[in-house]
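Participant: Okay, handing you the structure first.
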């Protein structure tokens with residue numbers, strides 16, 4: 001049976017892992033390749049690097065990090081942040097990523113999703129959707145540029161379009177919950193997972209192991225992503241997986257430690 | 001016999017080759033990335049990785065002059081490992097886009113049956129149907145990493161070494177003579193994936209694949225654990 005995945009996310013700026021509530025008060029937390037190896041050894045099912053380097057001319061630093069990670073970590077790696085063209089996606093894949101996350105660029109140019117899927121296959125295209133609840137309770141709005149700008153676009157409608165265009169997975173982040181550790185927005189997840197057949201990765205709000213279970217059971221997510229609770233060692237990956245298994249969810253038993 | 005396997009990995013423009021190169025090097029192979037037929041002459045084994053659709057892949061292989069060399073390699077019984085799309089290309093054709101593929105094994109590439117999610121992405125169990133040294137040391141039911149929407153339907157059920165279930169069951173490991181194919185990504189499947197690659201490399205070094213060059217004995221696990 002297909003396992004439900006636990007995916008640590010590393011925010012990377014200028015080739016270093018940083019932490020802090022997203023994009024502010026960044027603190028250097030070390031080398032991404034080293035942290036990636038640690039997570040793989042602890043049982044991570046995949047890894048996501050989110051590149052938050054502001055300056056495009058520093059992309060070479062990211063590619064170096066991806067390559068060093070891919071050389072030593074034998075689990076799948078998704079890289080998101082700042083990819084705006086088929087050529088940029090090719091560079092990230094050739095450096096050793098398996099999938100690329102498209103976010104702001106895909107909202108601005110939806111056909112980018114189709115071009116990337118046609119060139120590399122839809123399995124390599126993760127469309128990353130940042131969403132926030134509308135104040136009037138009328139669903140969720142897509143936000144871009146790291147959650148700073150509203151677009152007026154309905155998040156569920158965009159999710160459906162993105163899949164039609166060629167997304168192989170959706171990474172759905174609740175900006176309302178991101179960094180709060182108050183649990184995932186399971187209503188948002190359920191609204192999207194009910195409408196698409198591709199796997200949905202839940203993001204934004206992980207506080208404890210029970211939240212991972214809720215994202216899957218209540219939200220219909222296939223995988224769950226978290227950053228700070230793993231970085232800060234508030235919860236271990238194994239602890240989260242044990243809770244998922246106890247709830248009857250299929251998880252991969254890590255054999256890495258025995259290697 | 002040879003001390004180290006020289007493995008040619010075919011580069012036909014499909015994404016990430018860093019992982020497969022490093023994974024093969026980690027298990028003791030010398031790896032050369034090859035984009036044309038001249039590169040494979042000195043190799044002991046050929047690996048065709050890849051993800052995506054069949055028609056563009058076949059067009060690129062054709063454009064690089066690799067279709068006939070790959071067919072000849074397999075028909076000569078030389079060690080071959082196809083990964084994901086590299087497995088699917090071995091059969092007659094693909095229902096994904098109607099492409100005619102290499103046709104060295106009888107059967108087709110067909111859509112997954114009643115999949116709960118599509119693509120099938122993630123770790124899933126590889127359940128043994130027949131003994132084969134490619135799975136030596138890999139526990140029955142081990143989790144390996146899949147990324148695909150189509151799977152092979154071999155005409156010869158005896159070639160199916162292991163199956164995996166996503167909706168319906170599909171072959172996740174096949175073997176025929178010195179040709180081995182895996183639907184999962186061993187280069188992205190942690191220790192068990194590396195074990196599959198180590199088994200392949202060991203079989204190349206020991207001439208342990210049936211109808212491999214000089215092989216006269218039935219296949220045996222070269223490193224049972």
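The values are calculated or read from the model by the stated rules, or taken from the named source; none is laboratory data. None of the values given here were measured: they were computed from a predicted structure. Please note: Cβ atoms are built from the backbone with ideal geometry, for glycine as well, and neighbour counts cover all protein chains shown.
Participant: Out of A:105, A:70, which single residue is under 25 Å from residue A:188 (Cβ atoms) and either in contact with a helix residue (DSSP H, G or I) (Cβ under 8 Å, 6 or more places away or on another chain) or modelled with pLDDT under 95 (or both)?
Facilitator: Just a single option satisfies the conditions, and that option is A:105.
Participant: May I pose another question? Condition check: within 14 Å of chain A (Cβ to nearest Cβ), under 15 Å from the mean Cα position of the chain (by Cα) and either within 22 Å of residue A:86 (Cα to Cα) or touching a residue at least 40 places away in the same chain (Cβ under 8 Å) (or both). Does residue B:27 satisfy that?
Facilitator: no
Participant: Looking for whichever is more than 10 Å from chain B (Cβ to nearest Cβ), modelled with pLDDT under 90 and within 25 Å of residue A:236 (Cβ to Cβ) here; the options are A:14, A:28. Which one fits?
Facilitator: The match here is A:28.
Participant: Right, here's the next one. Confirm whether residue B:191 is part of a helix (DSSP H, G or I), free of Cβ contacts under 8 Å to residues at least 12 places away in the same chain, closer than 19 Å to residue B:19 by Cβ and in contact with a helix residue (DSSP H, G or I) (Cβ under 9 Å, 6 or more places away or on another chain).
Facilitator: So residue B:191 fits the description; yes.
Participant: Suppose we filter region B:54-80 for residues that are over 17 Å from residue B:38 (Cβ atoms) and touching a strand residue (DSSP E or B) at 6+ places or on another chain (Cβ under 7 Å); how many remain?
Facilitator: 4
Participant: Follow-up question, since we're still on this one. Read through the list (1) away from chain B (no Cβ under 14 Å); (2) crowded, with 19+ Cβ neighbours inside 10 Å; (3) more than 17 Å from the chain's Cα centre (by Cα), then give the number of the only condition that residue A:210 fails.
Facilitator: (2)
Participant: Can we say residue A:173 is crowded, with 17+ Cβ neighbours inside 10 Å, closer than 20 Å to residue A:110 by Cβ and away from every other protein chain (no Cβ under 14 Å)?
Facilitator: yes
Participant: Return yes when residue B:143 is surrounded by fewer than 20 Cβ atoms within 10 Å (Cβ to Cβ), in contact with a strand residue (DSSP E or B) (Cβ under 9 Å, 6 or more places away or on another chain) and farther than 20 Å from residue B:57 by Cβ and no when it is not.
Facilitator: So residue B:143 does not fit the description; no.
Participant: I'm trying to understand the selection: among the residues of region B:55-103, which are in contact (Cβ under 8 Å) with a residue 40 or more places away in the chain, within 15 Å of the chain's Cα centre (by Cα) and surrounded by fewer than 20 Cβ atoms within 10 Å (Cβ to Cβ)?
Facilitator: The one that is in contact (Cβ under 8 Å) with a residue 40 or more places away in the chain, within 15 Å of the chain's Cα centre (by Cα) and surrounded by fewer than 20 Cβ atoms within 10 Å (Cβ to Cβ): B:77.
Participant: While we're on this one: Taking the condition of being in a loop (DSSP other than H, G, I, E, B) and in contact with a strand residue (DSSP E or B) (Cβ under 6 Å, 6 or more places away or on another chain), how many residues in region B:177-188 meet it?
Facilitator: The total comes to 3.
Participant: Also, quick follow-up: Among (1) farther than 21 Å from residue A:132 by Cα; (2) in a loop (DSSP other than H, G, I, E, B); (3) within 14 Å of chain B (Cβ to nearest Cβ), there is one condition residue A:244 misses while meeting the rest; what is its number?
Facilitator: (2)
Rundown of residues vs (1) modelled with pLDDT under 70; (2) under 17 Å from residue B:78 (Cβ atoms); (3) crowded, with 17+ Cβ neighbours inside 10 Å, yes/no style:
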| position | (1), (2), (3) |
| --- | --- |
| B:187 | no, no, yes |
| B:192 | no, no, yes |
| B:200 | no, yes, yes |
| B:204 | no, yes, yes |
| B:213 | yes, yes, no |
| B:219 | yes, yes, yes |
| B:224 | yes, no, no |
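Participant: Just give me the residues in region A:51-93 being more than 8 Å from chain B (Cβ to nearest Cβ) and part of a loop (DSSP other than H, G, I, E, B), in sequence order.
Facilitator: Of everything in region A:51-93, those that are more than 8 Å from chain B (Cβ to nearest Cβ) and part of a loop (DSSP other than H, G, I, E, B) turn out to be A:52, A:53, A:54, A:55, A:73, A:81, A:82, A:83, A:84, A:85.
Participant: Moving to a separate point now. Any idea which residue in region A:94-111 is farthest from the other protein chains (Cβ to nearest Cβ), counting only those that are farther than 16 Å from residue A:159 by Cβ and crowded, with 23+ Cβ neighbours inside 10 Å?
Facilitator: Checked region A:94-111; the qualifying residue farthest from the other protein chains (Cβ to nearest Cβ) is A:100.
Participant: With (1) more than 10 Å from chain A (Cβ to nearest Cβ); (2) in contact (Cβ under 8 Å) with a residue 40 or more places away in the chain; (3) surrounded by fewer than 23 Cβ atoms within 10 Å (Cβ to Cβ); (4) over 24 Å from residue B:67 (Cα atoms) as the list, and residue B:156 as the residue in question, which single condition is left unmet?
Facilitator: Only one criterion in (1) more than 10 Å from chain A (Cβ to nearest Cβ); (2) in contact (Cβ under 8 Å) with a residue 40 or more places away in the chain; (3) surrounded by fewer than 23 Cβ atoms within 10 Å (Cβ to Cβ); (4) over 24 Å from residue B:67 (Cα atoms) is unmet by residue B:156, namely (4).
Participant: Looking at this structure, is residue B:152 under 20 Å from residue B:208 (Cα atoms), at pLDDT 95 or above and assigned to a strand (DSSP E or B)?
Facilitator: no
Participant: Also, I was wondering about something else. Of the conditions (1) crowded, with 20+ Cβ neighbours inside 10 Å; (2) in contact with a helix residue (DSSP H, G or I) (Cβ under 7 Å, 6 or more places away or on another chain); (3) away from chain A (no Cβ under 14 Å); (4) closer than 30 Å to residue B:118 by Cα, residue B:19 fails just one. Which one is it?
Facilitator: (3)
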